[in-house]
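The values are calculated or read from the model by the stated rules, or taken from the named source; none is laboratory data. Since the structure is predicted, the reported quantities are computational estimates derived from the model, not experimental observations. Please note: Cβ atoms are built from the backbone with ideal geometry, for glycine as well, and neighbour counts cover all protein chains shown. What goes into the accessible areas is simple: the full protein's heavy atoms, side chains included, and nothing from ligands, DNA or RNA. Shrake-Rupley method; radii C 1.70, N 1.55, O 1.52, S 1.80 Å.
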Amino acid sequence: LSKVELRVSCKHLLDRDTLNKSDPCVLLLMQSQGQWMEVDRSEVIKSNLNPVFAKIFTVDYYFEEVQKLRFEVYDSHGHAGVGTHDDDFLGGMECTVGQIVAQKRVTKPLFLKYGKFAGKSTITVISEEISGNNGYVELAFRAKKLDDKDLFSKSDPFLEIYRIDDDRSEQLVYRTEVVKNNLSPIWEPFKVSLNSLCSCEEKRKLRCVVWDYDSRGKHDFIGEFFTTFEEMQKAMGENKVQWDCMNPKYKLKKRNYKNSGVVVLLDLKIHRVYSFLDYIMGGCQIHFTVAIDFTASNGDPRNSCSLHYINPYQPNEYLKALVAVGEICQDYDSDKKFSALGFGARIPPKYEVSHDFAINFNPDNDECEGIQGVVESYQSCLPKIQLYGPTNVAPIISKVARVAADEERTKEASQYFILLILTDGVVTDMADTREAIVRASYLPMSIIIVGVGNADFTDMQILDGDDGVLRSPKGEPVLRDIVQFVPFREFKNASPTALAKCVLAEVPKQVVEYYSYKAFPPRCPQTHDA
């Protein structure tokens, strides 16, 4: 998975305000299933018809997809936020992620409704790919004894950092907040990617500018200094680095001019961004658990119409899905042992309904030897159980979550859990399942649900957070989107690799998201027995 950073600027925006200039803000929308969905929005820049937005939009990039983007510029009105009324609309532009990535810089005219040009307004979008070895840096700046630019009060300073590119053009990296009425401001710490700050080149020149904020957009220049990321790194630990903030005009005119204040880098922290392969190569094991639906709606396994019918010449859908996904997961698990569970059946010896039983009937060790061991346990358990119901999956999600919670306490990136649930119908315990998924999203685990047979699986799509954020019955959102749902029938005539590719596509991202959230680095690369 590649991520792309997008930076936006505009020129010659329409002036919607009678007294001041427009206060523009950009909304980024992405097309999903024919609908435009807002993904993110920029800050509001006061009274400026040629804004350079500090906000960096980050989007996932898929080479094999056409990803449509729409940028909409609005005139914002104070606390009411960004209205989306026609009279506040300054123009929109549509393009694809592919176009921006291929051209690196796209400038297009802005259009109003019905294809009408928004005067001479243009929007420019610049893209940069975040490479796999990229990290980000956290910086904390303050200033001391800045020049006072205001007559009746003190300056309202803010700091801008620009990266100087090879063609000598300047790229805005970050703009701090404004600290009101203060000549020795302490700005909030902030994070930027190393790619954004210095193109991952420590010696690349950076220009830092301090301004006195003006609400009409005519900011007063206080001073500037030049540095590099290499020099900034001296501020790690207890050390601080400081620069004279210089105004070149004053330096020429005033004989005793020393500076217009000093800027101090109080702290610098480097955070490396790791990839899925970093974790795998560091020894993180993928532990695979399969859970099989043994409810009565599957049909009597002795009947050839049953979804659980064992045909010696043709594996059923349960087996096809299990083997397709399991064969990929087994490459990432050194002991090649898989937990295999069943739910929704009456099981021996008392024939009580169970929603989380080991299909090898060993309650102390539910693991089978390899995918073949799971297949054999599945086939031998069918004659011993009575298919029943209901379709409750929350108990199995909670069972795997308990093991994942024990793993989490080690505070190491050593084991990640994938639960494959194979079911022929919509779950009965939807509220409990949603609650269990929200809890599991805080743990090192992902859930893949494959719908087997021809049931209507519409309600199952809710569990897959692709169309919106999944929430518990109390309204708590998932921390990460960890569920992938697919109906097997969509892959009935495709190769097994197509199903595996589809259901496992999200897993690397989910693994990285979890360990990044926990700030667990990969373990040191180790050699493992094949």
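Mind checking which residues of the range 174-187 are out of contact with any Ser or Thr (no Cβ under 7 Å at 6 or more places or on another chain) and either loosely packed, with under 15 Cβ neighbours inside 10 Å or part of a loop (DSSP other than H, G, I, E, B) (or both)?
Correct list: Thr176, Glu177, Val178, Val179, Lys180, Asn182, Ser184, Pro185, Ile186.
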(request) Among what's in the range 137-151 and is within 42 Å of the chain's Cα centre (by Cα) and surrounded by fewer than 17 Cβ atoms within 10 Å (Cβ to Cβ), pick the residue that is nearest to Glu188 (Cα to Cα). (result) Glu138
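Anything in the range 66-85 that is among the hydrophobic types (A, V, I, L, M, F, W, C) and either farther than 20 Å from Cys25 by Cα or at pLDDT below 80 (or both)? List them, or say none. Full working, then the answer.
Residues of the range 66-85 that are among the hydrophobic types (A, V, I, L, M, F, W, C), as a first pass: 66, 69, 71, 73, 80, 82.
Matches in the range 66-85: Val66, Ala80, Val82.
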(request) State whether one or more residues within the range 335-355 are assigned by the TED database to the domain that holds Phe294, within 30 Å of the chain's Cα centre (by Cα) and within 29 Å of Met460 (Cβ to Cβ). (result) yes
(message) Can you tell me which of (1) part of a helix (DSSP H, G or I); (2) buried (at least 20 other Cβ atoms within 10 Å of the Cβ) is the one Ala340 doesn't meet?
(response) (1)
(request) Please specify each residue of the range 358-381 satisfying the condition of being buried (at least 19 other Cβ atoms within 10 Å of the Cβ) and within 16 Å of Asn298 (Cβ to Cβ). (result) Ile359, Tyr378, Cys381
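Scanning for something of a type in the set (Lys, Arg), under 33 Å from the mean Cα position of the chain (by Cα) and open to solvent by 60 Å² or more (accessible area, probe 1.4 Å), does the range 165-173 turn up at least one residue? It would help to see each step written out before you state the result.
First, pick out the residues of the range 165-173 that are of a type in the set (Lys, Arg): 168.
Pick out the ones that are also under 33 Å from the mean Cα position of the chain (by Cα) and you get 168.
This time we only want the ones that are open to solvent by 60 Å² or more (accessible area, probe 1.4 Å), so: 168.
Yes, the conditions are met somewhere in the range 165-173.
Which one of Asp88, Asp166 is under 29 Å from Asn195 (Cα atoms) and at pLDDT below 95? Walk me through how you get there before you give the answer.
On the way: Asp88 fails: under 29 Å from Asn195 (Cα atoms).
That would be Asp166, the only listed residue that is under 29 Å from Asn195 (Cα atoms) and at pLDDT below 95.
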(message) Looking only at strands (runs of 3 or more DSSP E) that lie completely in the range 200-300, which have at least 3 residues being open to solvent by 30 Å² or more (accessible area, probe 1.4 Å) and closer than 30 Å to Lys149 by Cβ?
(response) 205-212, 220-228
(request) Would you please name the residue that is modelled with the lowest pLDDT, looking only at residues in the range 386-413 that are out of contact with any Leu (no Cβ under 8 Å at 6 or more places or on another chain) and open to solvent by less than 20 Å² (accessible area, probe 1.4 Å)? (result) Ala413
(request) Determine if the range 11-27 includes at least one residue that is at positive phi and modelled with pLDDT of 95 or more. (result) yes
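Can you tell which of Glu224, Glu170, Glu188, Glu230 is within 20 Å of Glu5 (Cβ to Cβ) and not small (Gly, Ala, Ser)? Show your work before the answer.
Values: Glu224 fails: within 20 Å of Glu5 (Cβ to Cβ); Glu188 fails: within 20 Å of Glu5 (Cβ to Cβ); Glu230 fails: within 20 Å of Glu5 (Cβ to Cβ).
Exactly one of Glu224, Glu170, Glu188, Glu230 is within 20 Å of Glu5 (Cβ to Cβ) and not small (Gly, Ala, Ser), namely Glu170.
One line per residue, one yes/no per condition, for (1) among the polar types (S, T, N, Q); (2) modelled with pLDDT of 80 or more; (3) closer than 23 Å to Val39 by Cβ; (4) open to solvent by 20 Å² or more (accessible area, probe 1.4 Å):
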| residue | (1), (2), (3), (4) |
| --- | --- |
| Met445 | no, yes, no, no |
| Val450 | no, yes, no, no |
| Glu506 | no, yes, yes, yes |
| Lys518 | no, yes, no, yes |
(request) Would you tally the residues in the range 301-327 being over 24 Å from Pro383 (Cα atoms) and crowded, with 18+ Cβ neighbours inside 10 Å? (result) 2
(request) State which residue pairs qualify: first residue assigned by the TED database to the domain that holds Ala394 and part of a helix (DSSP H, G or I) and inside the range 415-444, second residue surrounded by fewer than 23 Cβ atoms within 10 Å (Cβ to Cβ) and among the hydroxyl-bearing types (Ser, Thr, Tyr) in any location, beta carbons under 7 Å apart, and separation of 6 or more residues or different chains. (result) Arg434/Ser472; Glu435/Ser472; Ala436/Ser398; Val438/Ser472
(message) Test of understanding: among Lys104, Lys145, which residue is at pLDDT 85 or above and on the phi > 0 side of the Ramachandran plot?
(response) Lys145
(message) Given the options Val507, Val483, Val450, name the one that is under 16 Å from the mean Cα position of the chain (by Cα), assigned by the TED database to the domain that holds Val325 and hydrophobic (A, V, I, L, M, F, W, C).
(response) Val483
(request) Report, by residue number, each residue of the range 141-167 that is in a loop (DSSP other than H, G, I, E, B) and touching a residue at least 60 places away in the same chain (Cβ under 8 Å). (result) Lys145, Leu146, Asp147, Lys149, Asp150, Ser155
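Which of the residues belonging to the range 414-443 are open to solvent by 40 Å² or more (accessible area, probe 1.4 Å) and either in contact with a Pro (Cβ under 9 Å, 6 or more places away or on another chain) or farther than 26 Å from Tyr378 by Cβ (or both)?
Across the range 414-443, the qualifying residues are Gln415, Thr428, Ala431, Asp432, Arg434, Glu435, Arg439, Tyr442.
For the range 99-121, which positions are of a type in the set (Val, Ile, Thr) and surrounded by fewer than 18 Cβ atoms within 10 Å (Cβ to Cβ)? Write out each step before concluding.
The first filter runs over the range 99-121 and keeps only residues of a type in the set (Val, Ile, Thr), leaving 100-101, 106-107.
Matches in the range 99-121: Thr107 only.
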